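To keep things clear, I will list the structure first and then write my remarks on it.
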Amino acid sequence: MRVMLVDDDAQRLDMLEAALHGVGHTVVARRKTCDDLLAATRETRPEIVLIDVDSPGRDMLESLAQINLNDPMPVALFAAKSDVESIRRAMRAGVCAYVVDGLTASRLQAVMEVAIARFAEHQALKRELDDARSRLSDRKDVDRAKGLLMTRRQLTEEQAYEQLRKAAMNRNLKIGDAARAVIAAADLL
């Protein structure tokens, strides 16, 4: 795996890099701070980010939230100390694994696997949610377009739906897209 390490302790970075190389991973970036983490991840394209800090700060969490929003990837955060609110903020920012008591080479692989698994699960749930929202939006647009067709053409609900379905098939569109075209045309008139 391509790994980015973030830690302000150079000796620990060396130890982690050696441990990662020992199990076949490649360290693509070593950072001492979380400054401009989004740009660094875009430049180096890691598959996972490992961060070791005393406690996650606001700036770091904002950087992680930007990564999660713009270019999501698994992030494991190792903290020397923590509190419940810090953990919650980190998880909302996109941290997949939050480990208290610091980073050790012996449990590094296991934590990476947990972070990757949680990331994959979160991405699958996000896709499901996006699909459900899209279907709901399509359903609302189809209902609105049916209503417009029923009113303007004096059609039954079944006839209006059939016209929408036929228009979608003829134009090789999803029915939601056909409904939005009907709505857009009605707005023009």
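Coordinate-derived values only; no laboratory data. All of these numbers come straight from a predicted model, not from anything done at the bench. Note that each Cβ is placed from the backbone with ideal geometry, even for glycine, and that neighbours are counted across all protein chains shown.
Shape analysis of segment 1-55 places it in the oblate category; the axes a ≥ b ≥ c from the Cα gyration tensor give an a/c of at least 1.5, with a/b not above b/c.
A cut-off of 5 Å between modelled amide H atoms, ignoring neighbours fewer than 5 places along the same chain, links F78 with I51, D52, V53, V99. Semi-axes of the equivalent ellipsoid of segment 129-188 are 19, 12, 11 Å, computed as sqrt(5λ) over the eigenvalues of the C-alpha gyration tensor in descending order.
At most 16 other Cβ atoms within 10 Å plus a DSSP loop assignment makes a site exposed; report the longest stretch of the chain without any exposed trypsin sites (Lys or Arg not before Pro). Intermediate values should be presented prior to the final figure.
Working: sites that count: K32, K81, R171, K174.
Longest run free of exposed loop sites: 82-170.
By the gyration tensor of its Cα atoms, with a ≥ b ≥ c the square roots of the eigenvalues, what is the shape of segment 2-103: rounded for a/c under 1.5, prolate for a/b over b/c, or oblate? Because a/c hits 1.5 or more and a/b fails to exceed b/c, segment 2-103 counts as oblate. With 10 Å bins beginning at zero, the pair-distance distribution over Cα atoms of the chain amounts to 9, 29, 20, 10, 14, 13, 5, 0 %. Per-residue ellipticity at 222 nm, computed for the chain from helices alone with -39500 (n - 2.57) per DSSP H run of at least four residues, works out to -20500 deg cm²/dmol.
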